[in-house]
Structures are given as structure tokens and as C-alpha cells.
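*Asks:* Quick one: the structure is below, questions incoming.
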Ligand code: NAD
Ligand code: UDP
């Protein structure tokens, strides 16, 4: 299939583009580089032996997207393009609603005009209501608590409404848990701008000496070691989940939702320990007060994705840390400009 990948130069999308190529699909990447760099294309090309088309442009530009869909005879779309920083979404909600909601509406309009019926959307475990028991199941109660999370929940609802009104479309929302790690080659990985918000890239930058020490946000949670627990999933497992979702969803009308997680929670200190083993040194950290808005623990029930998509995550926390370290140590400043 010819697959338009919006936000195609980003962290998860670039690994997904590679997985699509490995599966025999042809990804066409579209990105405005608000949070990525074109250099990732060289890395994909080196690994895949073929260079995907990359279109520079904004997903909110419906005419541009429609032209891309027609010109490249697109069969399906994977929609990654979004802004994703929770704290920034609180400070700049309009930017988030514009990019993430307006972007999706423009894309859906272009798909309708061009007759493209299959969409896979990057959703998030953040759409689950905070009072849900673990592990989280797809039929659990929903409720986002910040503008970023609300954009994900709104888009899921929009997709369900459109799919209910138009029985010819197939829309799949994938609720990611915590994507981490890098391609095992060490040539592709996460390249956050500025100081990372997320745990694993922060730890990686401590390991490489870019940051002095990790601040552990709270050790008084009701978890075995008191630190927050999350379901970390290797980005290559996640990428393969997208291929499975595209292969499953194409031609199957309706709206579908899947968790993409491992089903296992790891604490902050588990991650620090595993990363320390991967890089061969003890990583300095200090415990500081809890971060506002954090939940104690969050992990997936991945059974539905395994049953329906035939997909499950296989890579361990040790592999996630080793691959992240290989990427970070070989590319301490991320991708070149
Ligand atoms: P990323 O920032 O690396 O990738 C997003 C890409 O979209 C970037 O390359 C950016 O330049 C591009 N983009 C943003 N707005 C655009 C626009 N208007 N037009 C064209 N391109 C645009 O982030 P990521 O971690 O790879 O996340 C990908 C998707 O997965 C996002 O939708 C994100 O919300 C979602 N998600 C991420 C996580 C996570 O922890 N990384 C968790 C759950 C969901
Ligand atoms: N965390 C931390 N220090 C950091 C960043 C994160 O202790 O510098 C903790 C955070 O409190 C949470 C876990 O690491 O318990 C994962 O945080 P992340 O931001 O990566 O993911 P999210 O909270 O969005 O699931």
C-alpha cells in the first residue's frame, strides 16, 4: 500500500516508516518540521536501502494534503502530526487545539475529497480517566485532564462520529503507553528539543553528560518502591503495531481502538537501574516533590491488540535502555541540522 504518514519525520513516525518499508508498503512522509529535522530521512534511507518521499508542508493545509493524497495514489493514512507536550498545552491551549484538532479536520476533509478511506491515528493512554483500575482496558472510562489529552480524546470522538455516519471508512485509534528506546542500529531515536520532559530521554542525557542528574518526581506513591510506574514500550514494537493496525484496518469499515503497551509497569527507579546497566555507570539522581498532574501508576491490558491484530510487544526494558543508549551515545546532540 501507499501510505501517507503525517508528522513523518518525527520519533515514532520515522520508526514506523522503516517498519512499513520492511513490510513492503510505501510510506510517503509529510512534515512541517516543527519538532523534527529532515536529516532523519538519510537514516531511514541507509537502513531501508530506499529513500521515502518527504513532503514539506502542514497537515492543516487541506489543499496541500489532498494533492499529496491524489499525486501519490495513497491507500491509507497514519496520522502522527501533532504537538505533544502536556505542560506547553496548558500554557498554549490554542496552539494545541489548532494543530491537533484543526489538523485532523483538514486531513479528514482531504481524505474525503480524495476518496481515501483508511486512517490510523496516534492516540494516547492519557485519554483514560485517572480513576480507572490497572491494567487499562479499551472499554475503560475516558476523561482527559489537560488540553493535550483533550485534543486526543476529541479526535477519537470525531473519528467515531465520522465512521458512524459513513459506513465506508475504517478509522483506528492506537492508544500508546510510554514509547521509548531507539532503532537497534543506534542511527535513529528520540531527539527532543531543549530539556526533555519525559523520563527516558532525560535519563539518556544524564548518562551522556548533557544533564547533571535526574530529578525523581516523588518516592511516596503507593507503588513497590514509591516512585511512579509506567508501561514503557519499545518504539520498534510500537512501529510494528502500526503496520499490524494498517494491515488489519484497511477495508474493514468502522472505528476501532487498541491499546499499544506491554502490560508491564516499571518504576522510575527500575528505569534508572536498567539504564545504568546499559551504559555501564551509576546514574546520579535526587528525589524531589511529585510533579503536578502525575498518576501513581499506569499500564495497559494489551490483550485486545494481541487477539485482533495478532500483535504484541516483545522487547524488554533492558533492550529499550540498550538501544536508547546506543542512539544517545552515538548522537549526543541528536540529528544534525
Ligand atoms: P514528534 O514530535 O517526534 O512527531 C510529531 C511530528 O509531527 C514531528 O515531526 C512534527 O514536526 C510533526 N508535526 C507537528 N505538527 C505538524 C503539522 N501541523 N503539520 C505537519 N507536521 C507536523 O512526536 P512523537 O513522540 O513521534 O509522537 C507522534 C504522535 O504520537 C503524536 O501525535 C503524539 O501526540 C502521539 N503520542 C506520543 C507519545 C509519546 O510519548 N511520544 C505518547 C502518546 C501519543
Ligand atoms: N519522571 C521523573 N523525572 C523526570 C521525568 C519523569 O521522575 O525528569 C517520572 C514521572 O513522574 C513519571 C515517570 O517518570 O512517574 C514517567 O514520566 P514521563 O513524563 O516520561 O511519562 P508520563 O508521565 O507522561 O506517562
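The values are calculated or read from the model by the stated rules, or taken from the named source; none is laboratory data. If you're wondering where the values come from, they're calculated on a predicted model, not measured in any experiment. Virtual Cβ from ideal backbone geometry, glycine too; neighbours counted across all protein chains shown.
*Asks:* Looking only at segment 126-156, which residues are more than 16 Å from ligand 1 (Cβ to nearest atom) and within 24 Å of residue 250 (Cα to Cα)?
*Replies:* 137, 139
*Asks:* Considering only residues that are part of a loop (DSSP other than H, G, I, E, B) and touching a residue at least 40 places away in the same chain (Cβ under 8 Å), look in segment 30-41 and name the one that is nearest to residue 85 (Cα to Cα).
*Replies:* It comes out as 35.
*Asks:* Please verify whether segment 33-54 includes one or more residues that are more than 22 Å from residue 236 (Cα to Cα) and touching a strand residue (DSSP E or B) at 6+ places or on another chain (Cβ under 7 Å).
*Replies:* Among the residues of segment 33-54, not one is more than 22 Å from residue 236 (Cα to Cα) and touching a strand residue (DSSP E or B) at 6+ places or on another chain (Cβ under 7 Å), which makes the answer no.
*Asks:* Does residue 27 satisfy the criteria of being outside any helix (DSSP H, G or I), under 18 Å from residue 245 (Cα atoms) and in contact (Cβ under 8 Å) with a residue 24 or more places away in the chain?
*Replies:* Criteria met by residue 27.
*Asks:* Inspect segment 74-87 for any residue being over 22 Å from residue 179 (Cβ atoms), in contact with a strand residue (DSSP E or B) (Cβ under 6 Å, 6 or more places away or on another chain) and more than 10 Å from ligand 1 (Cβ to nearest atom) and give the result as yes or no.
*Replies:* yes
*Asks:* Conditions: (1) within 12 Å of ligand 2 (Cβ to nearest atom); (2) over 29 Å from residue 138 (Cα atoms). Residue 194 meets all but one. Number of the miss?
*Replies:* Unmet condition: (1).
*Asks:* Would you please list the contacts, defined by Cβ atoms under 9 Å and residues six or more apart or on different chains, that run from a residue in segment 201-230 that is at positive phi to a residue that is within 16 Å of ligand 1 (Cβ to nearest atom) and at pLDDT 95 or above?
*Replies:* Every condition considered, the pairs that remain are 218/228; 218/268.
*Asks:* Sticking with this structure for a sec: Need the failing condition index for residue 307 against (1) assigned to a helix (DSSP H, G or I); (2) more than 16 Å from ligand 2 (Cβ to nearest atom); (3) in contact (Cβ under 8 Å) with a residue 24 or more places away in the chain; (4) within 23 Å of the chain's Cα centre (by Cα), just the number.
*Replies:* Tallying (1) assigned to a helix (DSSP H, G or I); (2) more than 16 Å from ligand 2 (Cβ to nearest atom); (3) in contact (Cβ under 8 Å) with a residue 24 or more places away in the chain; (4) within 23 Å of the chain's Cα centre (by Cα), residue 307 fails exactly one: (3).
*Asks:* Report, by residue number, each residue of segment 250-259 that is crowded, with 24+ Cβ neighbours inside 10 Å and within 25 Å of residue 74 (Cα to Cα).
*Replies:* Correct list: 258 only.
*Asks:* Of everything in segment 232-259, what is part of a helix (DSSP H, G or I) and within 13 Å of the chain's Cα centre (by Cα)? Give them in sequence order.
*Replies:* Once the filter is applied, which keeps residues that are part of a helix (DSSP H, G or I) and within 13 Å of the chain's Cα centre (by Cα), segment 232-259 yields 235, 236, 237, 238, 239, 240, 241, 242.
*Asks:* Kindly provide the set of residues from segment 30-73 that are in contact with a helix residue (DSSP H, G or I) (Cβ under 7 Å, 6 or more places away or on another chain) and under 25 Å from residue 252 (Cβ atoms), ordered by number.
*Replies:* 30, 59, 65, 66, 69, 70, listed by residue number.
*Asks:* Here is a further query. In the set 312, 290, which member is buried (at least 17 other Cβ atoms within 10 Å of the Cβ) and either away from ligand 1 (no atom under 16 Å from the Cβ) or part of a strand (DSSP E or B) (or both)?
*Replies:* After applying the criteria, what remains is 312.
*Asks:* Can you give me the number of residues within segment 101-122 that are away from ligand 2 (no atom under 16 Å from the Cβ) and either buried (at least 23 other Cβ atoms within 10 Å of the Cβ) or under 17 Å from residue 151 (Cβ atoms) (or both)?
*Replies:* Residues in segment 101-122 being away from ligand 2 (no atom under 16 Å from the Cβ) and either buried (at least 23 other Cβ atoms within 10 Å of the Cβ) or under 17 Å from residue 151 (Cβ atoms) (or both): 15 in total.
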